[in-house]
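Written out below as C-alpha cells is the structure these notes cover.
Please treat every number below as a calculation from the coordinates, not as lab data. Every value quoted in this text rests on a predicted model; they were computed, and no experiment measured them. Every residue, glycine as well, gets a Cβ built from its backbone with ideal geometry; the counts of neighbours run over all protein chains shown.
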Amino acid sequence: RHVFDSIGVVGKTPRGLVAWKFPAEESTTRVESVDWFVGRTGALTPVATVTPTFVAGTTVTHATLHNADEIARLGLKIGDTVILTKAGDIIPKITKVLTELRDGKEADITLPINCPVCGAAVERREDEVALCCTNQECFAKERERILYASRAFGIDGLGEKIIERLISEGLLKTAPDMFRLTVDDMKDLDGFGDVSAKKLVDEIAQRRAIDLDKFILALGIRHVGGETAFDLAAAFGDVDAFAKATHDSLVAIPNVGDVVAGEVVAFLATEHAQKLLADYVAAGVDVRPAKKVDKKLAGKTFVLTGTLAGMERDVAKEKIRLLGGNVSGSVSKNTGYVVAGDSPGSKLADAIKLGVPVLSEDEFMRILGL
C-alpha cells in the first residue's frame, strides 16, 4: 500500500492502476450488397451493406471494406455470413467470413471498371491498392474536396447534404466558392430561409481568415494531414513561399520524406492547384502567416489522453507544436510525455508499462508556461 500511495496520481487516476480492455464485442450478420464510394482523391472505397445487427451499443447496417485487396484477403462474397466487430469500438469492420455456412447462392464481388458517380474510367495507381476515378471534375470528388475544405476552415454549417445540394444548384463548383455564397443565393432553396441562409453566410464570413497550416490542410493534398501541414507551414512561413516549394526544400523539412514531397510538388504544378490558390485570393480568403515556433520543447513528443478541463485538444496540440514539440497518437518508448486528462484511455496504461513520464493537466500547463 505504501508503494501504491508513493507513486501518486494523475488527475483522478492512481499511477499504480493498470487498465485492462475487454475483447471487442462481435456479432454475426449477412452481407447483402457492396457499394463503392468516391473520396476527394478519387479513391473508390467499398462499403458492405449488412443485415442490421446490434453490436457494441448500436445497430450496424454498413461496414467498410477498405479496398479491393481487403475483399480478396477476406475471400468475401455477397450473401456471405460474416463476423463483424467495431475497430476501436467505433468503426464497423468485417473480420472473418464463415465459409462453412455458404449454400452456393453467394455471388462474387465485381470490381468496378467505371466510376459509380460520373462513369469515367477507373484505374489502379502504381504501387497503390486503391482503385481511382480518372475524371478530375467528378462530382463526388469535388463534393468531398469541398467538405474536406469546409472542415479545415471550421465551417460546421456546411455538411455533406448541404454541399451536395449547392453543387446541384450550381452554387458551388470548387471550395473557394463557399466564400462567394450570398443570402439571396440560398434563401429560396428547400430547407433554407432568410434566417438560416444568413446564419450560414455569416459563419462562412467569420472563417474567411485562416492560419497557414489549416489552409494547407484545406487544399486536400494526398498524404498531407494536420501534422505535416503544420510542419510545412512552419518551414515556409507564408502561402506565397509554400506555393513555390521545390522537392529539395520539402525533403529538407523534418518528418517530410520523398513521398510527401513528391505529392506536394505534383499538386502545386497542376492547373487545378494554381486556379484553386488564385480563386481563394479572389474570394477574399486571408491566409495568416505561420506563427513563430519556439524551440523550448524541441525533440519532445507528447501523447494526449483523456479530457483536459482548461483547454481543447486541438489548442493543446497547437501550443505543443509552437514550442517545437511533436504530437503523436500512440505511446512508444520514444514518447517524451503522456498528458493524462480526465477519464484517460489505454494510452495511460501504455505509458506506465513503458516507463514514459505521465503529466497531470497542471504539470502540462506549467511546461507550456501557462
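Per-structure values
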quantity	calculated
In range of the label at Ala241: residues from the range 269-297 whose backbone nitrogen is under 17 Å from the point 7 Å along Cα→Cβ	287-295
Fully extended contour minus Cα-Cα distance, from Ala121 to Ala252, at 0.36 nm per residue	43.4 nm
Peptides 31-41, 353-363 ordered by average Cβ neighbours within 10 Å, highest first	31-41, 353-363
Sum of -39500 (n - 2.57) over DSSP H runs of 4+, divided by residues of the chain (222 nm, nearest 500)	-10000 deg cm²/dmol
Dipole in debye (nearest 20) - the range 217-267, about Cα centre, beta carbon charges: Lys, Arg +1; Asp, Glu -1	100
Added length on full extension, which subtracts the Cα-Cα distance from 0.36 nm per residue, Lys296 to Asp188	33.5 nm
The range 118-182 and the range 315-331: distance between their alpha carbon centers, rounded to Å	30
Cα-centre dipole for the range 151-243 with unit charges at Cβ (Lys and Arg positive, Asp and Glu negative), debye to 20	80
Residue (of Ala235, Ala120, Ala149) at the positive-pole extreme of the chain, dipole from beta-carbon charges	Ala235
Nearest-0.05 FRET efficiency for Ala309 and Ala107, computed from C-beta distance (R0 51 Å)	0.45
Shape metrics for the chain, restricted to C-alpha atoms - Rg then Dmax, Å	23.8, 71
Burial order of peptide ranges 147-155, 47-55 (average beta-carbon count within 10 Å, highest first)	147-155, 47-55
Highest average packing first - 214-227, 329-342, Cβ atoms within 10 Å	214-227, 329-342
Net charge dipole size for the chain [Lys, Arg +1 and Asp, Glu -1 on Cβ; Debye, nearest 20]	1200
The range 39-105 versus the range 278-309: alpha-carbon centroid distance in Å	37
Dipole of the chain, positive end: most advanced residue of Ala266, Leu322, Leu200 [Cβ charges, Cα centre]	Leu322
Distance between modelled label sites at Ala266 and His66, nm, 7 Å Cα→Cβ extension	2.2
